[in-house]
Each structure stands twice: as C-alpha cells, then as structure tokens.
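The values are calculated or read from the model by the stated rules, or taken from the named source; none is laboratory data. If you're wondering where the values come from, they're calculated on a predicted model, not measured in any experiment. For neighbour counting, all protein chains shown are included, and Cβ atoms are generated from backbone atoms with ideal geometry for every residue, glycine included. Protein only, heavy atoms only, side chains kept; ligands, DNA and RNA dropped before computing areas. Shrake-Rupley method; radii C 1.70, N 1.55, O 1.52, S 1.80 Å.
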Amino acid sequence: MSVPVHLARAVALAVTLAAALLAAPAAAQNLTVSLTPGATSVTHGQDSVISLDVRNGSATATLSDIEFKLPKDYVALGGAGPPGWSITRILGNGFWSIRFRATSCVVGVAPGQTGTFRMEATAAGGSVTADEQDALKDVTVHGSCGTGSFSLGSAWRTMTFPRKVLELAGAIAPTHGATGLVSDVVWTVTNHASVTVTGVAVTPVVVPASGWTSAGCTPASLTLGAAGAASATQAVTCRYTYGAAGTYRQAGSARGTGGGGATASSVEVVAGDVNVAAVTAKFRFESLVASTGERLRAIFTVTNNGGGPLTVRPPRYAELALTSLAPPPGAADPGEKNVPAGKSEDFTYSFDVTAVVGSPYVAAGAAVTSLGATNVATTPAGTVSDTRVEIVPNAVVRQRISGPPYAFDVEVTNNSAYAVEELRLVNPQNAAFTNVTHVSATGLTYSSVTRNSPAGTDFITYTGSLAPGASAVFRVRFDALPTVSITTHYPFAFRVYPRRGGELLREIVRTIAVSTAPPDVADFTILSDASGQTLQWRNVSTSAAPHDGVVIFRAATAGALPLPADGVDYADPANAMAGLVYADRDGSTVTRYFDATTGELAYRVCAHDARFVYSPCTTAVRTSAVAPAGGWTHNLGGAALLVPGAVPGSRLAVGTNARSLAILDATTGLRVFDPIPLLGNPSRSTPAFQLVDGRRVILAADDAGGVTAVDLEAGAPLWQVALSGEVFVGGLTAINHRYAPAAFRAAYTHDVLLVPSTTGRVLGLDAATGAVVWTLDVSAAAGKPVSLRAGVTYDHASGRLYVPTTAAGVYAFDVNASTPVASDPPDPIAGWSNPSPTGQYTLACTLGPVATDLACADRSGLVLVVDRATGAEKARLATGVTLPATLWPVSGASAGYVLSSAAQTQRLVLSGTPATLALAGTAWVPGATLSPAQVFATTQTIVVGASDRKLHQLRLADTVPTGAAAPLPSSSATLLLGPSVFDSVGQRFVFGAEDGRVWAVKAF
Amino acid sequence: MRRLTVLTLALLAAACGDATPPAGDAASPVASPAAARPPRVRTPPPRQEGGTPMTAAVVVRGPGGSLGPFRIAEVDRLVVEASYASGERGVLPARVDVLGPRGSVHTRLEGTFRPAAGAVTFARDLEVQGTIIETYQQVGRWTFRLSVGEGGPVAEAQVELRE
C-alpha cells in the first residue's frame, strides 16, 4: 500500500509525539521533593525555616540549578544549598522565590543522591484563628549537567507544612552543676492568632530520657489572649532534679485550642543544655560564617562544677574530630590549666576552613581532667560562605592607633559564581563608632552614606560589579571609638546584594575588638651559662585581656630590639622577621625558652591576646651576659644588693628591688619556682630558716610593711602578711625555738620573728603563720618617739634582745618574761643602762666573741663594746667608718671584730684588761665602692665585692688582700656588687649586683 | 591576608603621619621581607584629647618638704610626688623609675592616676636611711622618671645626694 507523502509526515509526527508522551511518565518521577525530616519550623508571621530534600532519581543527569517559590505572603530572607551551592537570586515578584545553583557540576546533586535546600523566610502573617497548612507555589529546575533531563511530576504540590500560631522560647537556670542539681526551664509561650487560645500546655522533651526527675510544670495550662493582648504571652516553669552526670537537652512544644476548636500549636524548640557533672565542656566558634581558606578561632570551655580544684588537659589538635577544618601549620596544642571550683577556663584553637561554599564546618573533642574525661563537646555547625570579609585591623588599642579619625580597611572577596553589584557596610553602634565616612575604595565604587537609619545605625553603600573571585577594599573612618575597660567586640554587618537595589543575598557579621592591651609577662629572667640562655617568665592573664601567647625578640642591644605590630601572628611562618626567635599562640602556657646562643644579648618578651594585640613590651626587656667559667649568671631584673639566703647545694633565695624573691637552684642557677612577689623592696637580707616543725623557709621583710615566708620545697608563700603603717628597713631576726632558753620554750610553741619598724615598734610574729603575737613599743620604753632602721639582735643564751634606734641609743628587752599574747610583750631588762642615749644606729649590734659582750657601731663609726646584761661600756673606738654596713665578731687568738662600709673594711682587735679595741688593718679599693664585708671563719678570710667588678678576698687577721676574682663581664665600667654567700657544695661564691644580675663564681 | 595586615598598618601609619616609634625602636637593617615591616604604630607620649594640654611633673622632697640637694646621712626618706593631667579618661597606670647615679634602675614606684575621680597626683616614699642607698653610699645625681600608661617618660626630676 502506498501512502501520500504529506500523510506519511503527519503519521511520523504523530508517532514522535506518541513516543514523547510515552516517555513522559518515566521522566516525571526522576526528581523528588520532600520536607527534610524535623528541619522545617514555621511560625505564623515569624522568621521561619523550610528545609527540602531533593532526590535525584535520574541515571545520567546531575542537578545543578533549582528554584523554589514560597507560599503566598512569605518573604524570602536567604538560605543555604548543599555544599558547593550558592544562592544566585531572591525574587519578590508576587511570590517570593529563592534560586540555588551549584558552583560547578562536581558539587551538583548527582544521580542517586539527595541534596538539602534550606530556605529562611518570614512566614505569612495576618489574621488567623488556628494553625494553617501551607504549600510551595512552584519548583523549577533550571539546569543540569550530564545527559537526560528532569521532571518533578506533581507529587510535590500535595506536600504541605504547618504554619503554627504559637511561639515557644525557653530559658534554663542554672545550666551547670554537680549531681543533684535542681534547675528550672522557663518556657515563654506567645499566641500569634487573632483569637484567644485555651488549654495551652507545654510538653517538655528531655534527652536523654533518664537520669532526671521532674517536679512538673506550673501552671499546667494557660489561656492566652489574642495576638497583641498583654495576656498573649505567658510563662510556664518546669523544674527538674538531675541525679546522674551528663548533658541533658531541654526541648519542648506547646499545644492548645484555637478558634472553632482547631489546633493551635508551636514548633518544637530547644531551650538549651543542662550540664551535670563535676566537669563539663563546651565548644564554640567565634564566627558561624567563614569562607574557604579563612582562619577561624574556636573556644573550648571547661567548667568545674565540683568543690575542689581541677587540672585540665584540653584536647590536642590531633584528638579533635574536624569537619571541613584543618589546624594551621605549626599549631601548638593548648596547655594545661588549673580550674578553680565553680569557675570556667577557656582554651583557644585556630582552624583553617578547607571546604567549599555551603559546607558545614564542625569541631568536637573532649578534655582530660584530674576527675576524668569531659563530655565530648561539639560546636554548632558553621557554614562556609561565598563571601569573605576581613577588617584590618580587627583589634585595636585606642591609644595606639593614629587618630581621630580612626581608619579601618575592609576587604571583601567574592567567591561565588556570580557578580556582586552592591554591598553595604552597616554600623549598628553609631554612638560608639561615630560618623562613619568613606575614605577610599577599589573594586567597587562608593555610592552613599546613610546615617541614623534606623536610629543608631549608619551604613555606607558601594556599587559596581565585583566579579567572581575578585576582591574589593574599602577604607572607612570614624571620628571616635569607644572607651573600654575590658576588651569589647563590636559587630559590623556586611550585606551582599547580587543586583543593585535588589534583594539581600547574604549578611555577614564581623567584629572590631576595642582592646585593652594585655599586660606584659611578669618576672622575666635570663640565666646565662656555658650552654646558652634560658629565658623564663610568668604569663599574666586577666579577664580584661586574656593571655594567648608570647613573642620573643633578640638583638645585640636593647635599643635594637624590634617591637611587634598589633594584628600580626608571628607564629605563622609567613610573618618571620629579623630578630624574631620564638612565637606561640592559642592560649599557650609556655613560660621558658632556651636559646643556645652565648654572650651578651638583649631579649624582649611580649604577650598577646587572641587577636594578636600585644602588651606594652616595656618591662620584659633584659640582657644576658657572658657566664663566668664554671659558674653562671642570672638576670633577675631588679637591683640585688642584699645577701642571698642559701641552703648549700640546694636552693638560693635572692631578694630584689623588683619587689620579688627569686628562688634558684644553687648548682645550675635555674629558676626552680616563679619569683615570689613582695609588697615592697626587701630589707637587709633574706635568710633561710628551719622552722621548729622542720620546714625550711626563706624570710623577707620589706619597706611596704610586708613580711613573707616562702616554703622552699613548695616554692610558694607559706604566708605573707601586710602590716599597715609599718615600714621595715632593718630586716628581721628569728628566735629559733629549739635553741631558745627553757623559759621561752615553755611559753611559746613556735619560732618567733622580730621585725623592727621605722614607727618605733618591734613586731613579734609567729614564724609558722605570720600572725602578730605582740607588739613591742620601743618609743614607750624610751619615753620619746624613736625610729628603728637597724636589725634586732637576739641572744639565744639569755633570751634578751637588743634594739638600736636611729637617735636614741640601744634598748634591751627580755623575751623570756613575755608570753605569746598581745598584752604581754617583752619587758625592758631591769638594770640595763642605755650605753649611748643619743647614739644614731642603722646597723644591728653584734654579740661579741666574749660571751658577755655586745658590740654596736653607730653611724659615725664609733664602736662600743658593752656588757650584755647592763649596757656598761667595756671598750670603745672611733673608727671613722661612717655609715657602717656590717659588724662581725671574730673569735680566736686575736678576737675582735670586722667593721665594713662602702669605703673600707677594718679589722679591730679586742685585748687587755680592762679591754681595749685597736685597729689591726684597713682595706679599701681605690675609687671603688665596697659591698658589706662577709667573714668566712673556716677559711680565715673576708670577702668583699667592689664596684671595680671584682670579688676581693682579704686575710681575716689583718685585711691584707689574698687575691681577687676576675672582673665580671659587664657593659658598665663600674658596677655595685652585693655581699656574697658561699655554696660549700658547689664551691661557688654567689652574690647579686645593682643591675639585677646574680653571679655564681667558682671559689678562687 | 597577613601580608595585607602589614600593608594596611603601613598605609595607616603613612596616612596619619603619626607613627613615630618610641625611643630605641629600630627597624631591622637586614634586607628581607621582614625589613619592609613598619615600626609598630604607637604614639607616645599619651594622647591628648579634647584639646586639654598634657602636663606632668615629678617633685622629690626631703625632710620637712625641702627640695635637694641632700646629705645622704641626713635623709631618712624621700617623698616622690607625681602629677599628671590630660584629657584622657579612665584609670591610668603610672610609674616612676628611680635611677641611681650609675644609671641602673634602683626601684620602680607605681601608682594610678584617675583623672575622672580627680586623682591626678600620687606620692610614694623612697626609704634611704638603713637601705642599700645608704650602705653603698650612693651619692650623686638620682633621676626620677614618670611614665604613664605604655608611653615613654612624660616628666623627669633629678636630685643630688651628697656625702
């Protein structure tokens, strides 16, 4: 049969159409849209979320472009697609729609996969009487990759979701506590319906479902007035007792009856977590929006809910579970911290964002504590943004930056697949950051500035076309910045509009921290020995400016030391610079650095906070020195001209005018413990003493009325007292209980410290506690005001103590006649006659080599030897040694004394009957200032430090020099040296100097 | 972005013309990327705001409120009075560095200025009699330097102690 040609064409066309129609049902089912389970929450007239899962049932096509049209009267706000997708348009043409597009086919929704699209919108409002049901108006597939096509069919049109008229919010207090914690959840229910809703009850959901008991919710039922009425919002309180440790999530929903008996309900919301345990952890990011490659900070917080101290070792970087994040190169693990009972401590981490746009980023981990591991703390998920915004500087110390006006740069990078035509910089705090003004721009063009719209908010608009991958940099300035007492973060919003005058695509918030500079590190010291330099310091963290790390610089001289620039992370290898020797971050607890470089070098240590705002860097500057052969030198940073306290072979204690007491290892010079702060400058000496209970302590009295006892084993103050109004420059003397007379031991159970004050009082302190047991008023005994600036001398044989005054001679008292109560201080010795009623003394008297002798040297150099019992003069000599510094007794065949001052050292010999005092030798160093002389009876020598930078050794018999140590290396031609002690184990002399160094020099 | 930070600080410094580093702050002479790093942007002495001129002074008094020179044997203590006024607000930590005749820091006397509370002076005692000042007979010119905040010295006084 033949067929006409035109008819054949018609049949062919019909067959083609029929084939197409036959094929259509298969294509209609290859793309399925459904609600993401549990992720959609819509409240009437409120900002809401609609989350959709789109499953690709195609065998060959990849979904890359899709648009959703929202229900009637919904207003689109934004959202997020699957990782690698971005929003390319938000349209409000009748019905609002949001279009998502994959930035490349690689990140599209591949065959067999499901992509989740989250849309944020303000739900429809207006007059309703109960919950409503809404549906999407349209879904459009705009593009695909691969072969084949998509068809949605019509099933999605029947998909509805509720728009609820009740709104629920919850608050928990307290949120942390130990087992047995009682906590309330206060639920606030708001009715958005235009009618009264009755029988409203809150249904709490606690996860996990066990480990707690509930006392129920009060009231059990509410009647909420219509929207806008005062009674439209009411509260329900639910009380729980938590019997087991754990983290409990408190969620809930509300339900009642609206108009016509219809349901009025709320979406289920989470009020928060209750952490019940001795220790709990939380983890959070500083920003929940970051772009690929951006460095992000996260804070891990450990709370000690228990009653005792807690040691916390935070999770190491390698122990964290990270999604879309990586530790920065060279990141150091945060160090351990102690967390006091009831307190929290933060640990800081840095991460580089690694994933593509739209990906979530998450970190999780648990700390190890002295009470066991914490819960695994997980951050809320952040989102990798397609727009990167960075403010430079993002942290400022107002006094450090130039201004007013104060300039800031903002860099915006467009990582999306589309151009940005408009960007707004929004300043929501125009009373603090005043009068924002455009200065310059590249990449986009300044358009306008709008001030106080809305009230309190300024914004600057930039327009143009910022291509994908391009950056724009704006400089803006403010006329004033806020004044802060603690570091404060101020938010600025950056609004991105793909089309000029179009809909907002994204808002990114970045902050500027107006900072208080963190304090310098404290107690910076440098030990120099043959191996190099050991730097040590103490990190000072304050709530106003928490410590995050340090940076150390080195140079040939202090004047050449660099200063760090705020905002620069010197731990990043990209920021290496000349002079930089060390840097750390992330809450580092490092307090020691070893530099294997020897010689005289200058070092500076600066602290920084988490945004790399640096400390003043003014006080932690020290120089090292060339160590003496076989010894060491330690720069303590404060004049050290007092005789050190020493336990040979074990510990040395050096008081300095840095108002601290440094405790060093006698052999190596290493800092055994951090220096102990004193209240003022220490006086005279810092002796080592063994308490009656066996503990070894170092004692110090200072010119601010402070007395300190340091436990040498613990390296911490045993006690420290501040005696208001007292000034101690005469040092202190200890009554050793075990060597005191029986009468004393019967009355006292402890050692007693005697501390003379310029106020004319001698304070007796319990050496075990620092408590004042009595106050001896010498002025009362003298019958006139006196001042005490010399040490008290105690005679363990008799129980007497001798108190020189600055202008009224010497008084004597009997401790045996006292008891350790305030009303019973020592009494004056009966029969004591003041040997020099107008004598001026600033040096303690000395028990003479003869058991009945007491020797005192006044400020003119007059030495009186008197009877200890009566004060009767036995001998005298006007030596001419003015302002004497030491008076030593010398026993043996030629008994007598050694008297020294800054100018000379004299050997005095006592002989004959009646006794006479005669000069046996004088030593001085021409042009030099001498230290107080120290007598070493076992070697029959006197050792004197001199400002010629040498340690001079003299013969005890006649002060004839026997040798001198090599001069100390120093950049100063002259240097005051302190009196020395001898470490008989290490065979070294140890002494300080006016420049803050302590030296250990081998015996010579 | 860290290089941008450096660049920006340089631009800020240049734009504002107010980036004088404190004394002793020297840029590295080494030709390296670090050599391009600008000096730290700080503005010592402390800024003056609101048009209020800054005034600062240190006065050192001996017995009876007398002004030096003093004989070392006749002085039990010196009283160091520091005063400071500017338009700054808040609490301003301050210190007086006490330098001995050889230039070493003998001690630091610390205090606080609270201009808003009217506290623009503080006084501290420096003990002399019986201390290492006397035992070492540290005669000569003593220097008292007042610094406020993290800036450099804003005032200085010198007193001579004689034999």
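Could you say whether any residue in the stretch A:551-564 is under 30 Å from residue A:629 (Cα atoms), of a type outside the set (A, V, I, L, M, F, W, C), open to solvent by less than 30 Å² (accessible area, probe 1.4 Å) and over 19 Å from the mean Cα position of the chain (by Cα)? First the steps, then the outcome.
Residues of the stretch A:551-564 that are under 30 Å from residue A:629 (Cα atoms), as a first pass: A:552-561.
Remaining after also requiring of a type outside the set (A, V, I, L, M, F, W, C): A:554, A:557, A:559.
The next check asks that each one be open to solvent by less than 30 Å² (accessible area, probe 1.4 Å); those that pass are none.
No, because not a single residue in the stretch A:551-564 is under 30 Å from residue A:629 (Cα atoms), of a type outside the set (A, V, I, L, M, F, W, C), open to solvent by less than 30 Å² (accessible area, probe 1.4 Å) and over 19 Å from the mean Cα position of the chain (by Cα).
Table: residues versus (1) surrounded by fewer than 17 Cβ atoms within 10 Å (Cβ to Cβ); (2) of a type in the set (Ser, Thr, Tyr).
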| residue | (1), (2) |
| --- | --- |
| A:723 | no, no |
| A:732 | no, no |
| A:739 | yes, yes |
| A:745 | yes, no |
| A:749 | yes, yes |
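Looking only at residues of the stretch A:414-441 that are open to solvent by less than 20 Å² (accessible area, probe 1.4 Å), within 18 Å of residue A:87 (Cα to Cα) and assigned to a strand (DSSP E or B), we find that the one that is nearest to the other protein chains (Cβ to nearest Cβ) is A:414.
Inspection of the stretch A:830-846 identifies at least one residue that is among the aliphatic types (A, V, I, L, M) and within 14 Å of chain B (Cβ to nearest Cβ).
Going residue by residue through the stretch B:115-132, is there one that turns out to be in a helix (DSSP H, G or I) and open to solvent by 50 Å² or more (accessible area, probe 1.4 Å)? Yes, some residue in the stretch B:115-132 is in a helix (DSSP H, G or I) and open to solvent by 50 Å² or more (accessible area, probe 1.4 Å). List the pairs whose first member sits in the stretch A:548-572 and is within 7 Å of chain B (Cβ to nearest Cβ), whose second member is small (Gly, Ala, Ser) and open to solvent by less than 30 Å² (accessible area, probe 1.4 Å), and whose Cβ atoms are under 6 Å apart, counting only residues at least 6 apart or on separate chains? Note: pairs meeting the criteria are A:558/A:602; A:562/A:579. Among the residues of the stretch A:658-676, at least one is within 14 Å of chain B (Cβ to nearest Cβ), touching a residue at least 60 places away in the same chain (Cβ under 8 Å), within 19 Å of residue A:622 (Cβ to Cβ) and out of contact with any helix residue (DSSP H, G or I) (no Cβ under 7 Å at 6 or more places or on another chain).
How many residues does the stretch A:791-835 contain that are open to solvent by less than 20 Å² (accessible area, probe 1.4 Å), touching a strand residue (DSSP E or B) at 6+ places or on another chain (Cβ under 9 Å) and not in a strand (DSSP E or B)? Residues flagged as open to solvent by less than 20 Å² (accessible area, probe 1.4 Å), touching a strand residue (DSSP E or B) at 6+ places or on another chain (Cβ under 9 Å) and not in a strand (DSSP E or B) within the stretch A:791-835 amount to 8. Taking the stretch B:25-104 and the strands (runs of 3 or more DSSP E) fully enclosed by it, the elements with 3 or more residues that are under 30 Å from residue A:977 (Cβ atoms) and at pLDDT 50 or above are at B:77-85, B:92-99. If the condition is being touching a strand residue (DSSP E or B) at 6+ places or on another chain (Cβ under 6 Å) and either more than 14 Å from chain B (Cβ to nearest Cβ) or in a strand (DSSP E or B) (or both), then the stretch A:937-955 contributes A:941, A:942, A:943, A:944, A:945, A:946, A:950, A:951, A:952, A:953, A:954, A:955. Given the criteria within 13 Å of chain B (Cβ to nearest Cβ), in contact (Cβ under 8 Å) with a residue 12 or more places away in the chain and either more than 28 Å from the chain's Cα centre (by Cα) or closer than 16 Å to residue A:391 by Cα (or both), does residue A:476 qualify? The answer is yes for residue A:476. Restricting A:109, A:165 to those that are crowded, with 16+ Cβ neighbours inside 10 Å, over 27 Å from residue A:422 (Cα atoms) and touching a Leu at 6+ places or on another chain (Cβ under 6 Å) reduces the list to A:109. Among residues of the stretch A:728-751 being part of a loop (DSSP other than H, G, I, E, B) and over 18 Å from residue A:802 (Cβ atoms), the one that is nearest to the other protein chains (Cβ to nearest Cβ) is A:751. As for the stretch A:348-363, it holds at least one residue that is more than 22 Å from the chain's Cα centre (by Cα) and within 14 Å of another protein chain (Cβ to nearest Cβ). Taking (1) more than 23 Å from residue A:274 (Cβ to Cβ); (2) more than 18 Å from the chain's Cα centre (by Cα); (3) of a type outside the set (Lys, Arg); (4) open to solvent by 50 Å² or more (accessible area, probe 1.4 Å) in turn, residue A:307 satisfies each apart from (1).
If I filter the stretch A:205-212 for residues that are in contact with a Leu (Cβ under 8 Å, 6 or more places away or on another chain) and at pLDDT below 95, do I get at least one hit? Checking the stretch A:205-212: not a single residue is in contact with a Leu (Cβ under 8 Å, 6 or more places away or on another chain) and at pLDDT below 95. If you filter the stretch A:567-576 down to residues that are farther than 17 Å from residue A:521 by Cβ and in contact with a Leu (Cβ under 9 Å, 6 or more places away or on another chain), you find that the one that is least open to solvent (accessible area, probe 1.4 Å) is A:568. Is the stretch A:767-777 home to any residue that is free of Cβ contacts under 8 Å to residues at least 60 places away in the same chain and closer than 20 Å to residue B:125 by Cβ? The answer is no, given that none of the residues of the stretch A:767-777 is free of Cβ contacts under 8 Å to residues at least 60 places away in the same chain and closer than 20 Å to residue B:125 by Cβ.
Residues of the stretch A:969-1004 that are of a type in the set (A, V, I, L, M), within 14 Å of another protein chain (Cβ to nearest Cβ) and open to solvent by less than 50 Å² (accessible area, probe 1.4 Å): A:975, A:976, A:977, A:993. Criterion applied to B:160, B:110 was being away from chain A (no Cβ under 14 Å) and in contact with a Lys or Arg (Cβ under 8 Å, 6 or more places away or on another chain), and the one residue passing it is B:160.
In the stretch A:480-498, the residue that is surrounded by the most Cβ atoms within 10 Å (Cβ to Cβ) out of those that are touching a Phe, Trp or Tyr at 6+ places or on another chain (Cβ under 8 Å) and over 30 Å from residue A:76 (Cα atoms) is A:481.
Can you name every one of the strands (runs of 3 or more DSSP E) wholly within the stretch A:624-700 that holds 3 or more residues which are under 27 Å from residue A:602 (Cβ atoms)?
The strands (runs of 3 or more DSSP E) meeting that bar are A:632-635, A:651-656, A:660-665.
Residue check: residue A:959 meets all listed conditions (1) more than 14 Å from chain B (Cβ to nearest Cβ); (2) crowded, with 22+ Cβ neighbours inside 10 Å; (3) not in a loop (DSSP other than H, G, I, E, B) but one, namely (3). When A:351, A:347 are checked against the criterion of being in a strand (DSSP E or B), open to solvent by less than 40 Å² (accessible area, probe 1.4 Å), of a type outside the set (D, E, K, R) and closer than 26 Å to residue A:177 by Cα, a single residue qualifies: A:347. Within the stretch A:117-142, being farther than 15 Å from residue A:156 by Cβ and either part of a strand (DSSP E or B) or not hydrophobic (A, V, I, L, M, F, W, C) (or both) holds for A:118, A:120, A:121, A:122, A:125, A:126, A:127, A:129, A:131, A:132, A:142.
Yes/no matrix, rows are residues, columns are (1) closer than 20 Å to residue A:968 by Cβ; (2) in contact with a Gly (Cβ under 8 Å, 6 or more places away or on another chain); (3) open to solvent by 10 Å² or more (accessible area, probe 1.4 Å):
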{"position": "A:604", "(1), (2), (3)": "no, no, yes"}
{"position": "A:607", "(1), (2), (3)": "no, yes, no"}
{"position": "A:620", "(1), (2), (3)": "no, no, no"}
{"position": "A:634", "(1), (2), (3)": "yes, yes, no"}
